[in-house]
1. Do you know which of the residues in segment 102-137 that are in a loop (DSSP other than H, G, I, E, B) and open to solvent by 80 Å² or more (accessible area, probe 1.4 Å) is nearest to Lys175 (Cα to Cα)?
2. Any chance you could count how many residues in segment 172-196 are within 21 Å of Gly133 (Cβ to Cβ), open to solvent by less than 70 Å² (accessible area, probe 1.4 Å) and assigned to a loop (DSSP other than H, G, I, E, B)?
3. Which of (1) in contact (Cβ under 8 Å) with a residue 24 or more places away in the chain; (2) among the charged types (D, E, K, R); (3) in a loop (DSSP other than H, G, I, E, B) is the odd one out, the single condition Asp166 does not satisfy?
4. Cβ-Cβ distance below 8 Å, separation of 6 or more or different chains: which pairs start in segment 10-29 with a residue that is at pLDDT 75 or above and end on one that is part of a helix (DSSP H, G or I) and open to solvent by less than 100 Å² (accessible area, probe 1.4 Å)?
5. Every residue in segment 138-159 that is in a strand (DSSP E or B), open to solvent by 50 Å² or more (accessible area, probe 1.4 Å) and more than 15 Å from Gly110 (Cβ to Cβ), please.
6. List pairs: first in segment 96-122 and modelled with pLDDT of 90 or more, second aliphatic (A, V, I, L, M) and surrounded by fewer than 16 Cβ atoms within 10 Å (Cβ to Cβ), Cβ under 8 Å, 6+ apart or cross-chain?
Amino acid sequence: MIRINLLPTKAVKRKSRGELEILVLLLVLLVEGAVIYLLYSTVSGKVEDQKRENDIKQAKIASIQEDIKDHEQIKAQLDEIDAREKIIQELIAGRTGPVQMLMELSAILGQGQGPTVDKEEYQEQLKRDPSSGYNPEWDSRRLWLTAFKETDREVDMSGQAMSNEDVGEFLRRLKLSKYFFAEVLIKTMEIRIPSSSVPIVGWNIKCKIRYQ
C-alpha cells in the first residue's frame with residue numbers, strides 16, 4: 001500500500017522556528033524587564049534614602065535656626081551692656097583717677113620715695129641699662145612745680161629746679177611711673193634771681209596720664 005504525505009512539512013518547520021524566535025524575544029524582554037525593575041528598585045531606594053537624609057538635615061537646620069534666631073538681639077544686648085560698663089568704668093576713673101595721679105606725683109616728688117613701678121620689669125630694665133633707674137637718694141626739694149594743667153589726660157607742667165640734673169631725675173621718674181607716659185621735655189631755661197648769685201633752671205614737661 002502506497003502512502004502519500006500531503007502535509008506541508010516545510011511550513012511546519014517554519015512555524016516552529018517562528019514560535020521559537022517569539023519565545024526567545026519574550027524571554028529577552030522578560031529579562032530586560034527584570035533588570036530594569038531591579039535597577040529602578042535600587043535607584044528608588046537610594047532616592048528614598050537621600051530624601052530621608054535631606055529631611056533629617058533640614059530638621060537639624062531648622063533646629064539650629066530656631067536656636068540662633070535671637071542671636072543678633074542677644075549680641076546687641078551684650079554690646080549695650082559692654083558700652084554701659086565702659087561708661088561706668090570711665091566715670092569711676094574720672095572720679096578716682098585724678099586722685100591716684102596726684103598721689104603718684106606726690107610720691108615722685110616725695111623725700112625718700114619714688115614712682116610706682118613693676119618690680120620685676122624694673123629689675124630687668126636695670127640689668128639692661130643701669131643708668132635708666134631713678135636715684136632713691138635724690139633730694140626732691142631741689143625741684144618744685146609752679147604750674148600744672150590736665151586736659152583730656154594730657155598734662156602740661158612747669159616748674160623750677162636747682163640744676164638740669166634735677167630736671168633729668170624728675171623726668172626719669174615720670175618715665176618709670178605706671179601712671180605717666182609719652183613724656184617730653186619741652187624746654188629748660190636759666191633763671192636769674194636778683195637776690196641770689198646762683199641761677200636756677202626753669203623747665204616745662206608734657207606727658208599723658210594712664211589712670212589705673
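The values are calculated or read from the model by the stated rules, or taken from the named source; none is laboratory data. What you see is a predicted model; the values in this text were computed from it and never measured. Note that we place each Cβ from the backbone using ideal geometry, even for glycine, and neighbour counts take in every protein chain shown. Each accessible area value is taken on the protein alone, full model and side chains, heavy atoms only, with ligands, DNA and RNA left out. Shrake-Rupley method; radii C 1.70, N 1.55, O 1.52, S 1.80 Å.
1. Only one residue tops the list, namely Gln113.
2. Summing the residues that are within 21 Å of Gly133 (Cβ to Cβ), open to solvent by less than 70 Å² (accessible area, probe 1.4 Å) and assigned to a loop (DSSP other than H, G, I, E, B) in segment 172-196 gives 2.
3. Answer for Asp166: the failing condition is (3).
4. Taking only residues 6 or more apart or on different chains, not a single pair turns up.
5. Thr146, Phe148, Lys149, Glu150, Thr151, Glu154, Asp156, listed by residue number.
6. Partner pairs satisfying both residue conditions: Leu109/Leu145.
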